[in-house]
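*Asks:* First, the structure itself, so that you have it in front of you.
The values are calculated or read from the model by the stated rules, or taken from the named source; none is laboratory data. The structure displayed is predicted, hence computed values, not measured ones. Quick reminder, even Gly has a Cβ in these numbers, built from the backbone with ideal geometry, and neighbours come from all protein chains shown.
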Amino acid sequence: MEDSQITSTSTLPDQTKVKKQWWNLSLTQQILVALILGIILGWLKPSIAIQTGFLKDIFLNLVKSLIAPLIFASVVSGIAGGGDAKKVGRLGLKSIIYFEIATTLALIVGLVVVNTIKPGHGVILPPASAEVITQAHPKTLTETIVHVFPASVVESMASGDVLQIVAFAVIFGLAVLAAGERAKLIVSLCDSVTQVMFKFTNIVMRFAPLGVGAAIAVTIGKQGIGVILHLGVLVGTLYLALIIFLILLLGSAVLFLKLPFKLFCKSVREPFTLAFATASSETALPKALESMVSMGVPRHIASFVIPTGYTFNLDGSTLYLAVASVFIAQAAESSGAAHFGLEKQILLMLTLMITSKGVAAVPRASLVILLAALHTFGLPPEGVVLIFGVDAFMDMARTSVNVIGNCLASIIVAKWEGEFSPPKLT
């Protein structure tokens, strides 16, 4: 389909091609244009900019509507989709162990960097956002554990409580797996719902430029042009944290596992570029599998570890969630809310460690998980829309790190199995 489209386009006159290239902007390009227009409107006409806030609210509501069906269906299909627990076996156990180590490292790096740079300090959220968090009663550890298990999953879905949705989905997925053949219809249904929600996400994202433009316009209209500096610091904080994470992760692999570093960099170059340009890990999946097999990872290991990692090992997205959530908490504090201390941050990181496993490898799906986690901890959802204004810059970076992390995971699991045979460099 794509090849035929390219061929037909190439036969058009030069003027038509230029016109198509101008009008058919990608979502990222549309968001960037809307971002610039929103900045200009908020700077020059603040009174008019503030009146566009309803567009931001519509977009925020649409994103909220994704939470329950997307998380439930993706978690259940991810757990029960294998059809036979014995197929996972030793390979699955080793993969999961590595995934947890890598995502934990990502959370730690993100938490340390964002608390060191403090990009959210000085960002003022709307007064209503501050009230939400000050009125929220902080739960104790025991209360939080009890809260994880819902008395009514319908109520949990209606309120968007992601912890309860995930807990119910995990237990439900295990039950479906135990039911075997009789539950094939449920597995197929959940997989279909997941695919439909991916399409639903794409439809919602068509509204993203309007929501982003309105969000940044309202923000600048109320706070002035200086807020742009804080968002720039946020982007820089994420990039710095991702670089530190890759240095630690790849450095450890090179030192302790004797990873052929130059060969690895050469092999992941094309998948990395694809993921960075499209902000979608799935776009880079075929090339990542091909590259890792060429590098010496057995096909059966690469075919298992890399796709599984797209659900359980999104290192870049996990690190982003840590940075973004604490950024919003810092902004809420600057708005007059209660201090979101280290103990709460660690609890939030544990929540993100669980909920990020249900993130699909599609553009900006991390925002759905971020919004749900903020709701659970009483943090202002307006911060998500504010972040969305610069999310295009962050999405490309975190997605490409996801791809690198999963490629590395396939090599580490292959070495752990004693089946990694890299070609000799000439």
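*Asks:* In this structure, is residue 263 at pLDDT below 80, over 18 Å from the mean Cα position of the chain (by Cα) and not in a loop (DSSP other than H, G, I, E, B)?
*Replies:* Values: at pLDDT below 80: no; over 18 Å from the mean Cα position of the chain (by Cα): yes; not in a loop (DSSP other than H, G, I, E, B): yes.
When the stated conditions are applied, residue 263 does not pass them.
*Asks:* Same structure, new question: What pairs can you find where one residue is in the range 254-276 and of a type in the set (Gly, Ala, Ser), the other is surrounded by 12 or more Cβ atoms within 10 Å (Cβ to Cβ), and their Cβ atoms are less than 6 Å apart, with a gap of 6+ or different chains?
*Replies:* So the pair list comes out as 267/291; 267/295; 275/281; 275/284; 275/399; 275/400; 275/403.
*Asks:* Being among the polar types (S, T, N, Q) and within 11 Å of the chain's Cα centre (by Cα) is the filter here; which residues of the range 383-421 pass it?
*Replies:* 399, 402
*Asks:* For the range 293-308, check the following and say yes or no: at least one residue is over 12 Å from residue 406 (Cα atoms) and under 23 Å from the mean Cα position of the chain (by Cα).
*Replies:* No, every residue in the range 293-308 fails to be over 12 Å from residue 406 (Cα atoms) and under 23 Å from the mean Cα position of the chain (by Cα).
*Asks:* Here's something else I'd like to know. What tally of residues in the range 171-188 results from selecting those that are surrounded by 14 or more Cβ atoms within 10 Å (Cβ to Cβ) and either in contact (Cβ under 8 Å) with a residue 60 or more places away in the chain or not in a helix (DSSP H, G or I) (or both)?
*Replies:* 8
Residues checked against (1) closer than 19 Å to residue 239 by Cα; (2) modelled with pLDDT of 90 or more; (3) among the hydroxyl-bearing types (Ser, Thr, Tyr); (4) surrounded by 24 or more Cβ atoms within 10 Å (Cβ to Cβ):
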{"residue": "366", "(1), (2), (3), (4)": "yes, no, yes, yes"}
{"residue": "370", "(1), (2), (3), (4)": "yes, no, no, yes"}
{"residue": "374", "(1), (2), (3), (4)": "no, no, no, yes"}
{"residue": "377", "(1), (2), (3), (4)": "no, no, no, no"}
{"residue": "385", "(1), (2), (3), (4)": "no, no, no, yes"}
{"residue": "392", "(1), (2), (3), (4)": "yes, no, no, no"}
{"residue": "411", "(1), (2), (3), (4)": "no, yes, no, yes"}
{"residue": "418", "(1), (2), (3), (4)": "no, no, no, no"}
{"residue": "425", "(1), (2), (3), (4)": "no, no, no, no"}
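*Asks:* Could you check the range 84-112 and list, in sequence order, the residues that are out of contact with any Gly (no Cβ under 8 Å at 6 or more places or on another chain), at pLDDT below 85 and either small (Gly, Ala, Ser) or exposed (fewer than 14 other Cβ atoms within 10 Å of the Cβ) (or both)?
*Replies:* Passing the criteria: 84, 85, 86, 87, 89, 90, 92, 93.
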